[in-house]
Amino acid sequence: MLDVTFYRDDLDRLSGLFASGHADFAEHGQDIVCAAVSAILLTARLGLERCAQIPVEAAQTPGELHLHWEASYRDLESVRAIVTTAELATEEIARRFPEHISVRRVREPRTAF
């Protein structure tokens, strides 16, 4: 199962995300569900780094992705648009494939990793 957690700070602003696992919808290289979520989350990272031009703490290994951005950037309209869209898109895929993806929201500050 692919587990995606979206972190929110004390002001209910998205502050980071963590994704781990695999959707196991199909064989490796054929898993469109895993590919879709991966594309959404990597696009969010690119959007934050290149479009919103904010520093993002990121760690990526096969089967895991951590993203975190500092509190001073969380109220920027561009940041909110990018990460909220990623959250909504990931939740929509999870609704369609609940046996392959779980999405959680954690309302606590996310510390750097």
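Observations on the structure shown:
- Candidate set: region 22-78, residues that are surrounded by fewer than 14 Cβ atoms within 10 Å (Cβ to Cβ), over 28 Å from ASP10 (Cβ atoms) and small (Gly, Ala, Ser); chosen: the one modelled with the highest pLDDT: ALA39
- Options GLN60, GLN30: the member that is among the polar types (S, T, N, Q) and over 18 Å from PHE6 (Cβ atoms): GLN30
- Of all residues in region 14-40, those satisfying the criterion of being closer than 13 Å to HIS66 by Cα and among the small types (Gly, Ala, Ser) are SER15, GLY16, ALA19, SER20, GLY21, SER38.
- For region 31-45, taking the residues that are touching a strand residue (DSSP E or B) at 6+ places or on another chain (Cβ under 9 Å) and of a type in the set (A, V, I, L, M, F, W, C), the one that is nearest to GLY63 (Cα to Cα) is identified as CYS34.
- Cβ-Cβ distances below 9 Å connect the following pairs, each with a first residue in region 27-51 that is of a type in the set (Ser, Thr, Tyr), a second residue that is outside any helix (DSSP H, G or I), and a separation of six or more residues or different chains: SER38/LEU2; SER38/ALA19; SER38/LEU65.
- Residues (more than 11 Å from VAL4 (Cα to Cα) and of a type in the set (D, E, K, R)) located in region 83-97: GLU92, ARG95, ARG96
- Selected residue (only one of ALA89, ALA81 is outside any loop (DSSP other than H, G, I, E, B), at negative phi and either buried (at least 16 other Cβ atoms within 10 Å of the Cβ) or in contact (Cβ under 8 Å) with a residue 40 or more places away in the chain (or both)): ALA89
- Residue selected from region 58-78 under the condition under 13 Å from the mean Cα position of the chain (by Cα) and of a type in the set (A, V, I, L, M), by the criterion nearest to ALA44 (Cα to Cα): LEU67
- Here region 1-19 is the region considered, the condition is being among the aliphatic types (A, V, I, L, M) and under 11 Å from LEU41 (Cβ atoms), and the residue that is nearest to the chain's Cα centre (by Cα) is LEU17.
- Among the criteria (1) at negative phi; (2) at pLDDT below 95, the one PRO98 does not fulfil is (2).
The values are calculated or read from the model by the stated rules, or taken from the named source; none is laboratory data. Owing to the predicted nature of the structure, the values given are computational and were not obtained by experimental measurement. All Cβ positions, glycine included, derive from the backbone under ideal geometry; neighbour counts span all protein chains shown.
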